[in-house]
Amino acid sequence: MSEHKQVLYDLRTAYSGPFVIEDFYAEIDSWINEKGFTKEHKKKMESVTKDGKKIQWFIEIKSHLDDLYHGIVMLRVLMDNVREVTIKRQGKKFSVNNGDVLVNIDAFIESHIHGSFYQAKPIFYFIRALIDKYIYNFWSFKWDGRVNSDGRELYKRIQSFFNVQKYKYE
């Protein structure tokens, strides 16, 4: 039995213009490796339409906080009208992608209730909920700031990536 608590709600960024999809994937992977997190693919789907490719990429980035808690950052990337274009710059030709990108980030804390004796019994769980609500939050808000800041840091990294792409290829 596990609880999910959402600590970051619907952080979005959008971009329209030239970029390289492989560089975007590499940027996300490098952030995950720098932080020491694990990545779990939920969905990667590409479909070809007359306007270009539609790409959906959903991943969960997981961090181990302690024995009872795990941080989860959900990254949903929707790319639409993605076409491969050739840009000529300084006498060289570059092959880049051009399209619209929507990135959505949510963050959760997953707690495993079965972790200890005091949280497995219903009466102890009820008492813990009352103490958290009316007296002091021992467990509920312990990791909120860390998981929230991880999601916001990823958001800033993605925004800076697209800002660089805008000036790099235009």
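The values are calculated or read from the model by the stated rules, or taken from the named source; none is laboratory data. Quick caveat: nothing in here was measured; it's all calculated off a predicted structure. Here the Cβ positions follow ideal geometry from the backbone for every residue, glycine too, while neighbour counts run over all protein chains shown. Ligands, DNA and RNA are excluded from the accessible area calculation, which covers all protein heavy atoms including side chains. Shrake-Rupley method; radii C 1.70, N 1.55, O 1.52, S 1.80 Å.
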Unmet requirement for residue 49, which otherwise passes all of (1) closer than 15 Å to residue 162 by Cβ; (2) out of contact with any Phe, Trp or Tyr (no Cβ under 6 Å at 6 or more places or on another chain): (1)
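Residues of region 1-31 being touching a His at 6+ places or on another chain (Cβ under 8 Å) and open to solvent by 70 Å² or more (accessible area, probe 1.4 Å), which ones? Steps first, answer last, please.
First pass over region 1-31, keeping only residues touching a His at 6+ places or on another chain (Cβ under 8 Å): 1-2.
Hit for region 1-31 is 1, nothing else.
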From the options 165, 119, 159, residue that is more than 15 Å from residue 63 (Cα to Cα), modelled with pLDDT of 85 or more and touching a Phe, Trp or Tyr at 6+ places or on another chain (Cβ under 8 Å): 165
Check on residue 55, among the hydrophobic types (A, V, I, L, M, F, W, C) and modelled with pLDDT of 90 or more: yes
Any hit, region 131-138, residues being touching a Ser or Thr at 6+ places or on another chain (Cβ under 6 Å), modelled with pLDDT under 95 and within 27 Å of residue 9 (Cα to Cα): yes
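Going through region 38-61 one residue at a time, which ones are hydrophobic (A, V, I, L, M, F, W, C) and closer than 24 Å to residue 147 by Cα? Break it down into steps so the answer makes sense when it comes.
Step one: list which residues in region 38-61 are hydrophobic (A, V, I, L, M, F, W, C), which gives 45, 48, 55, 57-59, 61.
The answer is 57, 58, 59, 61.
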Counted residues, region 32-65 - those being more than 24 Å from residue 82 (Cα to Cα) and open to solvent by less than 40 Å² (accessible area, probe 1.4 Å): 5
Subset of region 1-26 (residues that are among the charged types (D, E, K, R), closer than 15 Å to residue 58 by Cα and out of contact with any Leu (no Cβ under 9 Å at 6 or more places or on another chain)): 10
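Among 104, 81, 97, which is of a type in the set (S, T, N, Q), surrounded by 11 or more Cβ atoms within 10 Å (Cβ to Cβ) and modelled with pLDDT of 95 or more?
Values: 81 fails: modelled with pLDDT of 95 or more; 97 fails: modelled with pLDDT of 95 or more.
Unique residue meeting the criteria: 104.
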